[in-house]
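Notes follow once the structure below has been shown.
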Ligand code: ATP
């Protein structure tokens, strides 16, 4: 397998408007990501050192990846993505090589954002058991720490890590100069669900009888990913009913909604 497997380089097209809800969070990310890149002179003038790493945590499907991409888009930064699980599953030494190689490419393509999904798989707490697999994780973690410590401010590289299990992250990563900002990305509340449904029906032809406000009320516990799926599937139902259909109607949305059961439970989000 090639050493660049699993790495993509691009400036993402997603923007803040493509993300429903999360107003405060978007503002925080804007300041932490966009400002140091766009106004680096102001930071040096005041002698303020920008954040190097941000940890996003929260349940799956609630836009951690999308937020990282939107931040990169807003800052016009190159976007590199790595998956902890993928690194972990590689042959001995290959995961570390891919990590180093990604940081190297990010330096060359700066300003850059390195998105590190499923970070807990690699950045999990050290010690505990002495099996061979722990050693793989430890080596990857120490490579990550070395790379993060080596980031120079002038190079404008930021690491955004994501996890569903923040408590599993090794304390070494939470020291100053590493993940300085920890942000919780919650499942969408009513208003956010309404906005998410708006985002994902924006380009759809929908009948007047579709009441997104009502649909948002009826989809408690749905994640952004599930709401997106609901909209797409409603369109599919309309097409299955009639391949020449010109609009998607309320009943199509209802059919899909009734067939879906959210993966999150109330206990998980309280
Ligand atoms: P995972 O932990 O599984 O990697 P994630 O938190 O990174 O999930 P994303 O991959 O960003 O979630 O989101 C999955 C899909 O759900 C995306 O395609 C995105 O369009 C949609 N989505 C999630 N949240 C929102 C939101 N707030 N607004 C609009 N779309 C959303």
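Every read-out reported here was derived from the displayed coordinates using simple, explicitly stated rules and does not represent laboratory data. Here the structure is a predicted model, which means the values were calculated and not measured. Ideal geometry is used to build each Cβ from the backbone, glycine not excepted, and the neighbour counts take in all protein chains shown.
The label-point distance for residue 38 and residue 155, in a model that sets each label 7 Å from Cα toward Cβ, rounds to 2.5 nm. Computed from the Cβ-Cβ distance with R0 of 45 Å, the FRET efficiency linking residue 24 to residue 139 stands at 0.75. Note on the chain: GNM, Cα springs under 10 Å; of 114, 157, 243, the largest mean-square fluctuation is that of 243. On a 0 to 90° scale, report how tilted helix 224-241 is relative to the longest principal axis of the chain, with both axes built from alpha carbons and the result rounded to the nearest 10. The angle comes out near 40 degrees. Fully extending the segment from residue 254 to residue 221, taken as 0.36 nm per residue of separation minus the present Cα-Cα distance, adds 10.2 nm. In terms of Cα atoms, the Rg and Dmax of the chain work out to 20.7, 63 Å. Calculated FRET efficiency, residue 208 to residue 241, Cβ-Cβ distance, R0 = 22 Å: about 0.75 to the nearest 0.05.
For the chain, give me the percentage of DSSP beta bridges that are antiparallel, rounded to the nearest 5 percent. Spell out each step's value before the answer.
Values: 3 of 25 bridges.
About 10 percent, rounded to the nearest 5.
Okay, helix-only estimate at 222 nm for the chain: each DSSP H run of n ≥ 4 adds -39500 (n - 2.57), divide by all residues, round to 500 deg cm²/dmol; what do you get?
Numbers: 13 runs with 124 residues, N = 270.
Mean residue ellipticity, 222 nm, calculated: -13500 deg cm²/dmol.
For residue 167 and residue 101, FRET efficiency with R0 = 30 Å and r from the beta-carbon atoms, rounded to 0.05? Result of the calculation: an efficiency of 0.50. Listing 80, 43 from fewest to most neighbouring C-beta atoms within 10 Å gives 43, 80. Rounded to the nearest 10 degrees, the inclination of helix 132-149 to the longest alpha-carbon principal axis of the chain is 80 degrees. Can you give me the C-alpha center-to-center distance between segment 151-186 and segment 204-264, rounded to a whole angstrom? The distance from the Cα centre of segment 151-186 to that of segment 204-264 comes to 36 Å.
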